[in-house]
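Enquirer: Here it is: the structure, laid out below.
The values are calculated or read from the model by the stated rules, or taken from the named source; none is laboratory data. Please read these numbers as outputs of a predicted model, since none were measured by experiment. Note that we place each Cβ from the backbone using ideal geometry, even for glycine, and neighbour counts take in every protein chain shown. Keep in mind that these areas ignore ligands, DNA and RNA; they rest on the heavy atoms of the full protein, side chains included. Shrake-Rupley method; radii C 1.70, N 1.55, O 1.52, S 1.80 Å.
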Amino acid sequence: MRRLPAPLRTALVAGLVALVLFGGAAWWIRGHVYDAVYRESVQRSAELSARLAEQAATGWNDTSVDPGDGPFVQIDRTGRTLTAAGGALDLADLADLLPPAPAGPAPGHTVGQSSSGTVHLEGVDESDRARFHFPGGDLRSASGAGPERRDLFAHAEAHYLEHRTVTVIARPVVTPAGRCAHPTEPDGSCRSTLYVLVAPYVAEYAAGTLTVPLAAGVPAAALLLAMTAWAATRRSLNPVEAIRREVAEITDTDLGRRVPVPEGRDAIRALALTTNTTLDRLQDGALRQSRFVADAAHELRSPLTALRYQLETALDHPDDIEPCETLEDALAATRRLQNLTEDLLLLARPERPAAHSLVDLAGLTRELVTEYRCQDHPVTLASAPEQAPVRGDGLQLHRLLRNLLDNAVRHAHTAVVLAVTDDGRTSTVTVHNDGIPLTPEECERVFERFTRLDEARTRDAGGSGLGLAIARDIARRHHGTLTAHPADPPPGTTFTLRVPATPDTNHLAAKAATPEGCLRRPDPPGPHTPIAAED
């Protein structure tokens, strides 16, 4: 089943379910019709027993037994069969199989109340077999008229009733003295019981008329439903096939194509919308990657060109250059290339979670403020708690804060102010510079890779345009955020770093004292960065 196409699987399942359901319904309908007709037959037999009992009470004077009345038998108290008709004439041991006689009629009445029961009939009395059967064993047809036809009909009915369980209507009868041929009572009257057998052939005939239509209609209906399910499923999957064809034709050079979105509000429409959303993300990622590669190539071209020019000039004019100055310029270009390459490698790494060392963000900020002040940068720490423990990588957080400070120092007019707060759930670091404020649009652009605003292009010395992008990337790896917004009150711009705090400081080492002397700027950052760490 799993290897079959979806429309065919759906059609098979629908057809089998319909066959079971329709078959069960057909069986119920046939049984319901049979039961309804059989109950009606029982009711008519009860009415027939009342009429026949009235006739039996008169000794059957001026009456004749009609075979059309159905099989019945009259048995007196001694077990003698007084009257019988229909199949009851030839059923073997019928008197012994019938239920006990009901209570007699009330005084002054000749017919009592009826009672019903069931009896399982035995075989047929074949003592006169040659009369009713051909030599081959087949029954003779009840043709002609007169007693012979009646007897043949009764024998055929006995064969129909044999070995069946049928309902029997019993009614007590009292025939007054002088009207019964074989008195059973001292006063010359007769007490007997009239038994009417409810033959089920009427109910079977009525139910049988439904057999052929139901037997043909149920498979036909199941087949029709299966074909409908196949057609509906195939039609409903047409949008999926259209989506598949469109996706199959999309290449890395044609990411602008989108799959068709059906009108129906269903799972296929959701699939199409999700596919288009995914294609949008892939296109955006491809465009960002393309811009990133182009920007990286552009940024690498300048120092490489300068380095090549210096080296070629030194080789072509060795007598006109100052060796030490040339080497220093080449070293500066090489350092810029190295820094840019390291930044690119950092941004190219997968976004894995940062390490889970315990780092004092407040102590780390104090160290950096002391370092920048010793380098004659206008950096001050406005406020900070005694400790602000966070979980993360101390080297990465050190680089994040250093990138923020480098950016603030480049753009500040007179001062850079830091502040650290810790409310037990979030540690926040704000870095404010009083330079030209960023516009709301620029507050998000500055975090894009290789983005340098016009003012930055004129004032930056060797900046790659990756510092803030790296800072935001590190913040995200620490499950934090990094945003920029114009200062309130102006002028200037404020960068805000928020990182989840760690209230548990049991394993945090004693806060390192801020050195009184100037700290040398590590290149790369030294082991002093994390205040304490856990393995």
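Enquirer: Name the residue from ALA57, VAL431, SER383 whose Cα lies farthest towards the positive end of the charge dipole of the chain, charges +1 on Cβ of Lys and Arg and -1 on Cβ of Asp and Glu.
Expert: Comparing the listed Cα positions along the dipole, ALA57 ranks first.
Enquirer: Further question: Under the classification rounded if a/c is under 1.5, otherwise prolate if a/b is larger than b/c and oblate if not, where does the range 130-171 fall, given a ≥ b ≥ c as square roots of the Cα gyration tensor eigenvalues?
Expert: Here the range 130-171 falls in the oblate category.
Enquirer: By how many degrees, 0 to 90 and rounded to 10, does the Cα axis of helix 238-249 deviate from the longest principal axis of the chain?
Expert: Compared with the principal axis, the helix lies near 30 degrees.
Enquirer: For THR275, what charge total do you get from the other residues with a beta carbon under 9 Å from its beta carbon, if Lys and Arg give +1 and Asp and Glu give -1?
Expert: That sum, taken over residues with Cβ under 9 Å, equals 0.
Enquirer: Using amide H atoms built in the peptide plane, which far-off residues or other-chain residues are under 5 Å from GLY104 H to H?
Expert: Amide H to amide H, under 5 Å and 5 or more residues apart or across chains, GLY104 pairs with nothing.
Enquirer: Another question about this same structure. Considering only protein heavy atoms, what per residue accessible area in square angstrom results for the range 208-292 with a 1.4 angstrom probe?
Expert: Accessible surface, normalised per residue, equals 68 Å².
Enquirer: Using a 1.4 angstrom probe on the protein heavy atoms only, could you order LEU121, LEU19 from most to least accessible area?
Expert: Largest accessible area first, the list is LEU19, LEU121.
Enquirer: Using a 1.4 Å probe on the protein chains only, how many percent of the accessible area of the chain belongs to carbon and sulfur?
Expert: Ligands and nucleic acids excluded, carbon and sulfur reach 55 percent.
Enquirer: On to the next question. Once the mean 1/r over all distinct Cα pairs of the chain is inverted, what Kirkwood radius in angstroms do you read off?
Expert: Roughly 34.8 Å, rounded to one decimal.
Enquirer: Compute the angle between helix 361-374 and the longest alpha-carbon principal axis of the chain, please, reported from 0 to 90 degrees and rounded to the nearest 10.
Expert: The angle comes out at about 20 degrees.
Enquirer: What is the magnitude of the charge dipole of the range 151-203 about its Cα centre, with +1 placed on the Cβ of each Lys and Arg, -1 on the Cβ of each Asp and Glu, and no other charges, expressed in debye to the nearest 20?
Expert: That gives a dipole near 160 debye.
Enquirer: Can you tell me the dipole magnitude for the range 213-317 around its Cα centre, using point charges on the Cβ only (Lys, Arg +1; Asp, Glu -1), in Debye to the nearest 20?
Expert: I would put it at about 520 debye.
Enquirer: Helix 467-477 versus the longest principal axis of the chain: what angle, 0 to 90°, nearest 10, using Cα atoms?
Expert: 40
Enquirer: Also, quick follow-up: Which stretch or stretches of the range 35-52 have amide N atoms under 20 Å from the point lying 7 Å from THR209's Cα along the Cα→Cβ direction?
Expert: It comes to 35-45, nothing else.
Enquirer: Between GLN338 and GLU444, take the C-beta separation as r, use R0 = 25 Å, and let me know the FRET efficiency to the nearest 0.05.
Expert: 0.30
Enquirer: Also, I was wondering about something else. For a Förster distance of 35 Å, can you work out the FRET efficiency between the beta-carbons of PHE134 and ALA220, rounded to the nearest 0.05?
Expert: 0.25
Enquirer: Moving to a separate point now. What Rg and what Dmax come out for the range 147-211 when only alpha-carbon atoms are used, in angstroms?
Expert: Computed over the Cα atoms of the range 147-211, radius of gyration and Dmax are 17.5, 56 Å.
Enquirer: Taking a spot 7 Å from the Cα of ARG164 along the direction of its beta carbon, which residues of the range 18-54 have an amide N less than 19 Å from it?
Expert: Correct set: 30-49.
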